[in-house]
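Notes for the one structure printed next.
The values are calculated or read from the model by the stated rules, or taken from the named source; none is laboratory data. Quantities reported herein were computed from a predicted structural model and do not represent experimental measurements. Using ideal geometry, Cβ is built from the backbone for each residue, glycine included, and neighbour counts are taken over all protein chains shown. Remember, those area values only see protein heavy atoms, side chains included, never the ligands or the DNA or RNA. Shrake-Rupley method; radii C 1.70, N 1.55, O 1.52, S 1.80 Å.
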Amino acid sequence: MQNQIIEKLEAIVGEKWVDTDSERVLSYSLESTNDNYSLVAPEPVSGSVVVKAADSEEIAAVLKFANQEKINVIARGAGTALAANTIPDQESIILSLERLDKILEIDEENMLLKAEAAVSLGDIIEELKSNDHLYFPLHPGDEGAQAGGMVAMNAGGVRAVKHGIMRNQILGMKVVLPTGEIVHYGGSKGKLLKNNAGYDLMQLLIGSEGTLGVITEVSLKLYPEPKANGTLIVAFNDRRDAFGAVPAILKRGIIPMALEYVEKDEIELAAADIGKKWPAENGEYFLIIMLSEAKEDDLFEIGAQIDEITAEFEAVDMLIAQSISERKDILDIRSHILPAITDKIVDSPDVTVPRGSLLEYLDKLNEIEAKYKTKCPVIAHAGDGNLHVIILKEDGEKPSYFTEIKEDIYQSAVDIGGTITGEHGIGKLRQDYLSMMYSKRELEIMKQIKSAFDPNNILNAGRSI
Ligand SMILES: Cc1cc2nc3c(=O)[nH]c(=O)nc-3n(C[C@H](O)[C@H](O)[C@H](O)COP(=O)(O)OP(=O)(O)OC[C@H]3O[C@@H](n4cnc5c(N)ncnc54)[C@H](O)[C@@H]3O)c2cc1C
């Protein structure tokens, strides 16, 4: 990056907050994609500069300057996204949000928590521990993920069945546009439950993967803390039975907090990796069902109903975890699957299908496995119809059929009304597959929206669309 650009950036944020040291810049250029999908993650292009702005005003000045000079800017949260979302593919200003790290307000009347962009999920959980009646339900696997990053990715994760994904949790936000203006969505206070005035630009920002604006503050919905919580593990010997039970449970009117699907090899590895034991001794395939209810009695009643329903699907065992530590262990083990199997996998497309089509997708997956003579383990947010289909390494390498199998995994989902990604977004890894989902005209409209927000294409250029 040229000296006069560095000097101008230093004049905006202060010399201390502009970093050109190549090793440190590299650490801001790599993300979880490089750790977990090292065989498919792109290498970062060198020559970028890390800028740590203090607030929305400094970010506005940085963006105004970058827009004028047509320099690419990458908003950087915790770097935990998994589709090469923040790895620079050209010399860029890596705009780290890390100094925007304050929880600004817990508004009990409006049941919301207002946070600056870099407040992490872990910070939110910690802050709400001292609040005995309000909580934030969502839990995408990595608690380091930041509020801004979770909004920009429209994150989901476990515990989205009852209250929905990130898109359903946002009451307002403050955003710096690529042209340097600061705007507020969700009313000037960011506290609105309803707003039908014009197009919903806030919803456009959610899931925009850092391409339309830099989110600097968000207001997150809080919910009354449920009084009775329990986690069930239901074991099956057949993958079809486990998936078949999912719509049957929901059809009965049972709305768990989480309805996850895991397989024995991966969950046992995850448990061992963090020094714990997976509690289920029987079965090969498991549903983890997290329940949160108003009363203990409801918990037992629902547990009995789930026992009855899953028995119809040949369940071979059911375990109940009620203590806080047992429930936390199960969530921790579940959240650790990806890091535990990292050295075995190439990629893990996170296709999503209509929940009622889970079995249809499984049948297609069986055909794919047979076609390539391989096994694709599945981890699923089954209650959301969201499957992470794992493509395994062969002899430690990317298999020769990698491109074809990935395409089949995506196409089979799209063919039955699904999507190529329900969580991890497009980034660089899935750009080539967007045309499976959208017509030329639809893609053109997306490009026009990008251009309306970002006429010089400086924000995360070449990514997402
Ligand atoms: C082990 C593991 C498990 C995971 N499990 C889940 C899961 O279950 N569900 C799920 O949905 N995700 C999951 N993820 C993915 C990831 O945690 C989420 O996508 C998360 O929301 C990313 O947040 P981040 O702060 O790390 O963002 P980053 O990775 O830093 O950035 C992601 C994208 O958002 C943009 N961005 C970041 N901050 C801002 C901002 N303030 N304003 C504008 N754009 C911004 C970036 O430019 C980039 O395009 C998992 C990741 C890991 C490593």
(message) I need the strands (runs of 3 or more DSSP E) fully contained in the range 210-279, keeping only those with at least 1 residues that are modelled with pLDDT of 95 or more and within 16 Å of the ligand (Cβ to nearest atom).
(response) 214-221, 258-263
(request) Please enumerate the residues belonging to the range 163-207 that are in a loop (DSSP other than H, G, I, E, B) and of a type in the set (Phe, Trp, Tyr). (result) TYR199
(request) Test ILE182 against the criterion of being closer than 21 Å to LEU338 by Cα and open to solvent by 20 Å² or more (accessible area, probe 1.4 Å), and give yes or no. (result) no
(request) Residue by residue through the range 332-358, note down the ones that are within 15 Å of the ligand (Cβ to nearest atom), open to solvent by 20 Å² or more (accessible area, probe 1.4 Å) and not basic (Lys, Arg). (result) ASP332, SER335, HIS336, LEU338, PRO339, THR342, ASP343, THR352
(request) Tell me which of these TYR361 doesn't satisfy, since it passes every other one: (1) open to solvent by less than 10 Å² (accessible area, probe 1.4 Å); (2) within 16 Å of the ligand (Cβ to nearest atom); (3) in contact with a helix residue (DSSP H, G or I) (Cβ under 9 Å, 6 or more places away or on another chain). (result) (2)
(request) Go over the candidates VAL158, VAL214, VAL246 one by one and state the one that is touching a helix residue (DSSP H, G or I) at 6+ places or on another chain (Cβ under 8 Å), over 30 Å from GLN322 (Cβ atoms) and not small (Gly, Ala, Ser). (result) VAL214
(message) Looking at (1) within 17 Å of GLU423 (Cβ to Cβ); (2) open to solvent by less than 60 Å² (accessible area, probe 1.4 Å), which one does ASP142 not meet, given that it meets all the others?
(response) (2)
(request) Go through the range 367-412 residue by residue and tally those that are more than 22 Å from GLN431 (Cα to Cα) and in contact (Cβ under 8 Å) with a residue 60 or more places away in the chain. (result) 10
(message) Return the residues of the range 403-432 that are at pLDDT below 95 and away from the ligand (no atom under 16 Å from the Cβ); say none if nothing qualifies.
(response) ASP432
(request) Read through the list (1) modelled with pLDDT of 95 or more; (2) over 18 Å from PRO178 (Cβ atoms); (3) away from the ligand (no atom under 14 Å from the Cβ); (4) in contact with a strand residue (DSSP E or B) (Cβ under 7 Å, 6 or more places away or on another chain), then give the number of the only condition that ILE71 fails. (result) (2)
(request) Would you point out the residue of the range 433-455, among those that are open to solvent by less than 60 Å² (accessible area, probe 1.4 Å) and in a loop (DSSP other than H, G, I, E, B), that is nearest to the ligand (Cβ to nearest atom)? (result) ASP454
(request) Scan the range 376-417 for residues that are open to solvent by 10 Å² or more (accessible area, probe 1.4 Å), in contact with a strand residue (DSSP E or B) (Cβ under 8 Å, 6 or more places away or on another chain) and among the β-branched types (Val, Ile, Thr) and report the count. (result) 1
(request) Would you confirm whether any residue within the range 81-88 is touching a strand residue (DSSP E or B) at 6+ places or on another chain (Cβ under 7 Å) and over 26 Å from ILE465 (Cα atoms)? (result) no
(request) Determine which member of the set LEU112, LEU171, LEU204 is at pLDDT 95 or above, surrounded by fewer than 19 Cβ atoms within 10 Å (Cβ to Cβ) and not assigned by TED's automatic domain parsing to the domain that holds ALA258. (result) LEU204
